[in-house]
Amino acid sequence: MRLIQCDYQGQARAALVEDERQVRLLDADTYTLAHRAIAAGKSLGDIVESSVTDTRLDYQALIDERHLLPPLTHPDPAHCLVTGTGLTHLGSADTRASMHAKAQANEAELTDSMRMFKLGVEGGKPAPGESGAQPEWFYKGDGGCIVAPEAPIPVPAFAEDAGEEPELAGLYVVDDGGRPWRVGYAIGNEFSDHVTERFNYLWLAHSKLRACSFGPELWIGELPQHLEGNSRIVRDGETLWEKPFLTGEANMAHSLANLEYHHFKYANFRRPGDVHVHFFGTATLSFADGIQTCDGDRFEIDLSAFGRPLRNPLLFEADTTDVRIHSL
């Protein structure tokens, strides 16, 4: 079962994807439906089936008219936290290590990136009930950094790079008792500044404070162990760069449960009512192939199991913001 969320007559409403051409409107947004399921002690799928209306919408028209929204939102963006974990996918360490590599007297010495990746390979999939290795973790922002599918991803004037990161995102709500519930999964473009990160990995935090996007569809239910997708950059109507990518637990050093545990173990991430968007990492970057993006380039990330691709053009911004601090 897959859902989208759209702007319908000025309100956020969820809709059930019936096929690639049409969706069936539901009577509430995804956030409301999720809390309805928690209160009723039912699955989200059951709540969706009982919440369908007779209204069907043209899927392509929603795209063309820019009515798509992220598939899960909070009424107050400040109560949506966007985070992620890196070095989680098999093969991803080589890309990251090459970004961080510096001359070393001892060639056998591991970089910090390789050391972190090795920890995940050795202890990232613990037995049920056990705590596994901690992953690399980062913060991206609150709901204000989320860009809807098809909408432009802004690139701040101070940015050194504007690179895609095709990956899975886990979407969560926290109930009134402080218990997190997974609503589902979506295609994500975590989007980072890889030049900034490459200069020094201690600038990773800076490189991640950028916009991001996920959707357009929300996958409800168990996730396949193996997923194959394609990531591409389109410039002036032509494919500039394209590469397949693998995700799902079969292609990861960490289990999803381990990544979720090491996020939600912190009490401040279990605040009642909050929404969480958590990116699970990638193994494929155009940056690693020497691609430099520019204004108007369009990212397209496709996982066929998730329906329509996630597409976003780039919008490079001029620096017009006055960030001088004034004393009171």
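The values are calculated or read from the model by the stated rules, or taken from the named source; none is laboratory data. Because the structure is predicted, anything quoted here is derived from the model rather than measured. Because the Cβ atoms are built from the backbone with ideal geometry, glycine has one as well, and the counts that use them run over all protein chains shown.
Residue 171 - would you say it is in contact (Cβ under 8 Å) with a residue 12 or more places away in the chain and closer than 16 Å to residue 280 by Cβ?
Details: in contact (Cβ under 8 Å) with a residue 12 or more places away in the chain: yes; closer than 16 Å to residue 280 by Cβ: yes.
Taking the combined requirement at face value, the residue satisfies it.
Please identify the pairs in which a residue from region 110-133 that is assigned by TED's automatic domain parsing to the domain that holds residue 197 and within 26 Å of residue 200 (Cα to Cα) has its Cβ atom under 7 Å from the Cβ atom of a residue that is of a type in the set (Ser, Thr, Tyr) and assigned to a helix (DSSP H, G or I), counting only partners at least 6 apart or on another chain.
Matching pairs, first to second residue: 112/201; 113/201.
Take the residues in region 275-328 that are aliphatic (A, V, I, L, M) and surrounded by fewer than 20 Cβ atoms within 10 Å (Cβ to Cβ), then tell me which one is modelled with the lowest pLDDT.
Just the residues of region 275-328 that are aliphatic (A, V, I, L, M), to begin with: 275, 277, 283, 285, 288, 291, 301, 303, 305, 310, 314-315, 318, 323, 325, 328.
Next cut, surrounded by fewer than 20 Cβ atoms within 10 Å (Cβ to Cβ) only: 288, 291, 305, 315, 318, 323, 325, 328.
Numbers: 288: 91, 291: 96, 305: 93, 315: 98, 318: 90, 323: 86, 325: 93, 328: 95.
So the residue we want is 323.
Return the pairs, sorted by first residue and then second, in which the second residue is crowded, with 16+ Cβ neighbours inside 10 Å and basic (Lys, Arg), the first residue lies in region 33-57 and is under 20 Å from residue 74 (Cα atoms), the beta carbons are less than 8 Å apart, and the residues are 6+ apart or on different chains.
Close Cβ pairs (under 8 Å, with a partner that is crowded, with 16+ Cβ neighbours inside 10 Å and basic (Lys, Arg)) amount to 47/36; 51/36.
Would you mention how many residues in region 262-274 are surrounded by fewer than 17 Cβ atoms within 10 Å (Cβ to Cβ) and under 20 Å from residue 116 (Cβ atoms)?
Counting residues in region 262-274 that are surrounded by fewer than 17 Cβ atoms within 10 Å (Cβ to Cβ) and under 20 Å from residue 116 (Cβ atoms) gives 2.
Within region 72-84, can one find any residue that is assigned by TED's automatic domain parsing to the domain that holds residue 247, closer than 23 Å to residue 209 by Cα, of a type in the set (Val, Ile, Thr) and modelled with pLDDT under 95?
No, there is no match, as no residue in region 72-84 is assigned by TED's automatic domain parsing to the domain that holds residue 247, closer than 23 Å to residue 209 by Cα, of a type in the set (Val, Ile, Thr) and modelled with pLDDT under 95.
Taking residue 317 as the residue in question, decide whether it is of a type outside the set (A, V, I, L, M) and in contact (Cβ under 8 Å) with a residue 60 or more places away in the chain. Step through it out loud before you land on a result.
Numbers: of a type outside the set (A, V, I, L, M): yes; in contact (Cβ under 8 Å) with a residue 60 or more places away in the chain: yes.
Spelling it out, residue 317 is indeed of a type outside the set (A, V, I, L, M) and in contact (Cβ under 8 Å) with a residue 60 or more places away in the chain.
So, residue 175, is that one closer than 21 Å to residue 318 by Cα, among the charged types (D, E, K, R), touching a helix residue (DSSP H, G or I) at 6+ places or on another chain (Cβ under 8 Å) and at pLDDT 95 or above or not? If you could, list the steps in order and put the result at the bottom.
Details: closer than 21 Å to residue 318 by Cα: no; among the charged types (D, E, K, R): yes; touching a helix residue (DSSP H, G or I) at 6+ places or on another chain (Cβ under 8 Å): yes; at pLDDT 95 or above: yes.
Criteria not met by residue 175.
How many residues does region 111-158 contain that are small (Gly, Ala, Ser) and in a loop (DSSP other than H, G, I, E, B)?
So in region 111-158, the residues small (Gly, Ala, Ser) come out as 113, 120, 123-124, 127, 129, 131-133, 141, 143-144, 148, 151, 157.
Filter once more, keeping what is in a loop (DSSP other than H, G, I, E, B): 124, 127, 129, 131-133, 148, 151, 157.
Residues flagged as small (Gly, Ala, Ser) and in a loop (DSSP other than H, G, I, E, B) within region 111-158 amount to 9.
Is at least one residue of region 181-197 surrounded by fewer than 17 Cβ atoms within 10 Å (Cβ to Cβ) and either assigned to a strand (DSSP E or B) or under 16 Å from the mean Cα position of the chain (by Cα) (or both)? Break it down into steps so the answer makes sense when it comes.
At the first step, the residues of region 181-197 found to be surrounded by fewer than 17 Cβ atoms within 10 Å (Cβ to Cβ) are 181.
Next, only the ones that are either assigned to a strand (DSSP E or B) or under 16 Å from the mean Cα position of the chain (by Cα) (or both) stay: 181.
Yes, because at least one residue in region 181-197 is surrounded by fewer than 17 Cβ atoms within 10 Å (Cβ to Cβ) and either assigned to a strand (DSSP E or B) or under 16 Å from the mean Cα position of the chain (by Cα) (or both).
Assuming residue 96 fulfils every condition listed in (1) modelled with pLDDT under 70; (2) of a type in the set (Lys, Arg); (3) under 22 Å from the mean Cα position of the chain (by Cα); (4) in a loop (DSSP other than H, G, I, E, B) apart from one, which condition is it?
(4)
Search region 214-250 for residues being surrounded by 15 or more Cβ atoms within 10 Å (Cβ to Cβ) and polar (S, T, N, Q), and hand back the single one that is farthest from residue 295 (Cα to Cα).
Ranking the candidates gives 247 first.
I'd like to verify a number: residues in region 198-213 that are surrounded by fewer than 24 Cβ atoms within 10 Å (Cβ to Cβ), of a type in the set (Ser, Thr, Tyr) and under 19 Å from the mean Cα position of the chain (by Cα), how many?
Result for region 198-213: 1.
Can you tell me which residues in region 204-262 are aromatic (Phe, Trp, Tyr) and within 15 Å of residue 137 (Cα to Cα)?
Let us first name the residues in region 204-262 that are aromatic (Phe, Trp, Tyr), namely 214, 219, 241, 245, 261.
Within region 204-262, 261 is the sole residue that qualifies.
Taking region 159-180 only, how many residues are small (Gly, Ala, Ser) and in a strand (DSSP E or B)? I'd like the intermediate steps shown before the answer.
Initial filter on region 159-180 (small (Gly, Ala, Ser)): 159, 162-163, 169-170, 177-178.
The next check asks that each one be in a strand (DSSP E or B); those that pass are 163, 169-170.
So the count comes out to 3.
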